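Student: Let me begin by handing over the structure; questions about it come next.
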Amino acid sequence: MDWTSLFTMQKNLDKYIETNHDLTTRNTFRERCLALLVELGELANETRCFKFWSKKPRSEKKVILEEYVDGIHFILSLGLEKNYYYESKDIEQSSLSETEQFMLVYEKCLHYKNDPTQQLYNELFTSFLQLGQILGFDEEDIQLAYRKKNEINYERQNQGY
Ligand SMILES: O=c1ccn([C@H]2C[C@H](O)[C@@H](COP(=O)(O)O)O2)c(=O)[nH]1
């Protein structure tokens with residue numbers, strides 16, 4: 001998948017939000033890291049993969065995909081803050097369970113926060129794409145849902161969110 005156009009869309013959205021909130025000089029790296037961790041929690045909640053105590057079914061795939069692309073927003077953003085991009089490549093399928101893969105992404109996110117290198121950024125990105133594979137999303141699903149949510153994010157800014 002070509003990520004270039006998504007990086008460009010994210011750059012424009014982040015700039016728009018920064019201007020709207022007078023943040024042009026403030027570094028928001030830590031906040032974006034926490035935002036990604038929070039999105040991961042919201043995503044895990046929709047899958048209910050860890051809720052061994054509940055018989056309630058997971059949310060519909062569409063709802064899970066919406067949460068997933070919120071995470072994509074912050075991952076793109078976290079690369080842009082450090083001027084890193086992600087080159088498309090074949091992703092090795094993960095052998096982990098959903099729960100284990102979630103925890104791997106959490107670890108990769110914190111690792112990158114503490115040591116923001118291109119290598120660790122690639123690892124974070126890859127682990128999140130592997131999670132997407134486990135959840136059953138193909139690249140087209142992700143691109144489409146990302147574009148839709150990106151537009152909604154502009155609307156929310158314009159409505160005083
Ligand atoms: O600088 C920012 C701030 C927010 N978002 C987007 C990512 C998610 O799609 C959404 C999360 O907003 P909440 O619903 O969690 O408030 O906002 C960005 O893309 N860039």
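FYI, it's all coordinate maths here, none of it is from the lab. Model, not experiment: these values are computed from the prediction. With ideal geometry, Cβ positions are generated from the backbone for all residues, glycine too; neighbour counts draw on all protein chains shown.
Student: Any idea which of Thr24, Ser127, Leu144 is furthest toward the positive side of the dipole for the chain, if Lys and Arg beta-carbons carry +1 and Asp and Glu beta-carbons -1?
Tutor: Thr24
Student: List the GluC sites (Glu not before Pro) within segment 25-120 that DSSP assigns to loop and that have no more than 13 neighbouring Cβ atoms inside 10 Å.
Tutor: Filter output for segment 25-120: Glu60, Glu87, Glu92.
Student: Can you order the peptides 17-23, 5-11 by their average number of other Cβ atoms within 10 Å per residue, highest first?
Tutor: Descending mean neighbour count gives 5-11, 17-23.
Student: What angle do you read, to the nearest 10 degrees and between 0 and 90, between the alpha-carbon axis of helix 139-158 and the longest principal axis of the chain?
Tutor: The helix 139-158 is inclined about 50 degrees to the chain.
Student: Suppose every K and R has +1 on its Cβ and every D and E has -1 on its Cβ; what is the size of the dipole of the chain about the Cα centre, in Debye to the nearest 20?
Tutor: 460
Student: Which value at 222 nm does the chain reach when only helices count, each DSSP H run of 4 or more adding -39,500 (n - 2.57), with the total divided by all residues and rounded to the nearest 500 deg cm²/dmol?
Tutor: -23000 deg cm²/dmol
Student: Any chance you could give the angle, 0 to 90 degrees and rounded to 10, that helix 98-114 forms with the longest Cα principal axis of the chain?
Tutor: 30
Student: Starting from segment 44-104, pick out the trypsin sites (Lys or Arg not before Pro) whose DSSP state is loop and whose Cβ has at most 11 other Cβ atoms within 10 Å.
Tutor: Answer by residue number: Lys55, Lys89.
Student: Quick one: Debye curve from the C-alpha atoms of the chain, no solvent, what's log10 I(q)/I(0) at q = 0.08 Å⁻¹?
Tutor: -0.23
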